[in-house]
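To keep things clear, I will list the structure first and then write my remarks on it.
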Amino acid sequence: MENKVYVIGMGPGDAGLMCKSADEILRQCDTIIGYTVYIDLLKDHYPGKEFLTTHMTQEAKRCEMAFEEAKKGKMVAMVCSGDAGVYGMSGLMLEIGAEYPDIKVEVVPGITAALSGGAVLGAPLTHDFAVISLSDRLTPWEKIEQRLECAAKGDFAICIYNPSSKGRPDYLKRACDILLKVLPAERICGTVENIGREGESSKLYTLGELRDAQVNMFTTVFIGNSMTKEIGGRMVTPRGYRI
């Protein structure tokens, strides 16, 4: 039997929003590994599995753990929220996998927050868009600023991940200040919190209002482009079919 580790995007957390292939693989696996918060969302759906976790900032340790378990002949899944290739673990798994040439890595896609959150708001990403994380744990803030400014100047709709945390309470405000140098204060924006989980909520703002919005690490932020509008309480970015 081929030794293999699956890197699985579990979607936003709701079982109905997980891809069928991901669910089938998780049902077959012996061991499921992931960040503690994600494992807590899965445990009740996959009884009888071995669950292994690490805390945040221990991503490399988690990957090594997955390969070591696979070396024992186990069928192993590494899970990530959303899609494993969008701020997920697939890249790191493939990097570390080079040290385990006898173990194959298979990436299984999932629904990332830009898509699941966009569906809650309406249709904010129907045209070209950029996805930017405000977490500066791995990316210098100066580079994040540059990306925000370039996306705004390019008239992209923008989806923002990791807009705030206990250690970064003002980062969304700082991002809005950068965007407001280029974009009008009345630009349509929206937020979705706890996508596909208990307590899901969404709200529309102008960019000027968004600056003072209360958000957290479970919030995804959407900033419209110059064509974005509110239609019946939904956020819609036309692609131009009716022009």
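For the range 1-107, would you read off the P(r) tail past 21 Å as a percentage of all alpha carbon pairs?
Distances greater than 21 Å cover 24 percent of the Cα pairs.
What translational D, rounded to a whole number of µm²/s, comes out for the chain from Stokes-Einstein when the hydrodynamic radius is the Kirkwood one over Cα pairs, at 37 °C and 0.692 mPa s?
173
Taking loop as defined by DSSP and a crowding limit of 11 other beta carbons within 10 Å, which trypsin sites (Lys or Arg not before Pro) in the range 18-101 fit?
72
Build a GNM of the chain with springs between Cα atoms under 10 Å: which of 142, 106, 50 gets the top mean-square fluctuation?
In this elastic network of the chain, the residue with the biggest mean-square fluctuation among 142, 106, 50 is 142.
Treating cross-link reach as a plain straight distance, find the lysines whose alpha-carbon is under 19 Å from the alpha-carbon of residue 72, omitting any fewer than eight places away in the same chain.
4, 49, 61, 104
Quote the relative contact order of the range 146-243 in percent (integer), defining contacts as alpha-carbon pairs under 8 Å separated by 6+ residues.
Taking the mean separation of contacting Cα pairs over the length of the range 146-243, I get 32 percent.
Could you check which residue among 25, 231, 33 shows the biggest mean-square fluctuation in a GNM of the chain with a 10 Å Cα cutoff?
So, out of 25, 231, 33, the one fluctuating most is 231.
Give me the accessible area per residue for the chain, probe 1.4 Å, as a whole number in Å².
Accessible area per residue: 50 Å².
Under a cut-off of 17 Å between alpha-carbon atoms, report the lysines in cross-link reach of residue 153, not counting same-chain residues fewer than 8 places apart.
143, 181
Compute the separation of the alpha-carbon centres of the range 97-168 and the range 192-239 and state it in Å as a whole number.
15
At 0.36 nm per residue, and after removing the present C-alpha to C-alpha distance, how many nm does the segment from residue 173 to residue 71 gain when stretched out fully?
32.1 nm
I want to check the label-to-label distance for residue 201 and residue 139. Put each point 7 Å from Cα in the C-beta direction and report it in nm to one decimal.
Label-label distance for residue 201 and residue 139, simple model: 2.7 nm.
Which shape class applies to the range 104-178: rounded if a/c is under 1.5, otherwise prolate when a/b exceeds b/c and oblate if not, where a ≥ b ≥ c are the square roots of the Cα gyration tensor eigenvalues?
oblate
Count neighbours as other Cβ atoms within 10 Å of each site's Cβ, and list the chymotrypsin sites (Phe, Trp or Tyr not before Pro) in the range 155-243 that are DSSP loop with at most 16 such neighbours.
Within the range 155-243, the qualifying chymotrypsin sites (Phe, Trp or Tyr not before Pro) (loop, at most 16 other Cβ atoms within 10 Å) are 241.
Let me know the charge dipole size of the chain about its Cα centre in debye, to the nearest 20, where only the beta-carbon of Lys, Arg (+1) and Asp, Glu (-1) is charged.
Around 440 debye, computed over the chain.
Report the residue, chosen from 189, 159, 176, that carries the largest GNM mean-square fluctuation when the chain is represented by alpha-carbon nodes joined by springs under 10 Å.
Among 189, 159, 176, the largest mean-square fluctuation in the Gaussian network model of the chain belongs to 176.
Loop only per DSSP, at most 13 neighbouring Cβ atoms within 10 Å: give me the trypsin sites (Lys or Arg not before Pro) in the range 100-147, ordered by residue number.
Loop-located and lightly packed - 137.
Given the -39500 (n - 2.57) contribution per DSSP H run of 4+ residues, what per-residue ellipticity at 222 nm results for the chain, rounded to the nearest 500 deg cm²/dmol?
Rounded to the nearest 500, the figure is -8500 deg cm²/dmol.
Tell me, what is the percent relative contact order of the range 1-64, built from C-alpha pairs under 8 Å that lie six or more residues apart?
25
Run the numbers on the chain and let me know its relative contact order in percent, using alpha-carbon pairs under 8 Å that are six or more apart.
Here the relative contact order equals 20 percent.
The values are calculated or read from the model by the stated rules, or taken from the named source; none is laboratory data. In this text the structure is predicted, and so the values were computed from the model without any measurement. In this analysis, Cβ positions are derived from the backbone assuming ideal geometry, glycine residues included, and neighbour counts consider all displayed protein chains. Just so you know, the surface numbers come from the protein's heavy atoms only, side chains and all, with ligands and any DNA or RNA stripped out. Shrake-Rupley method; radii C 1.70, N 1.55, O 1.52, S 1.80 Å.
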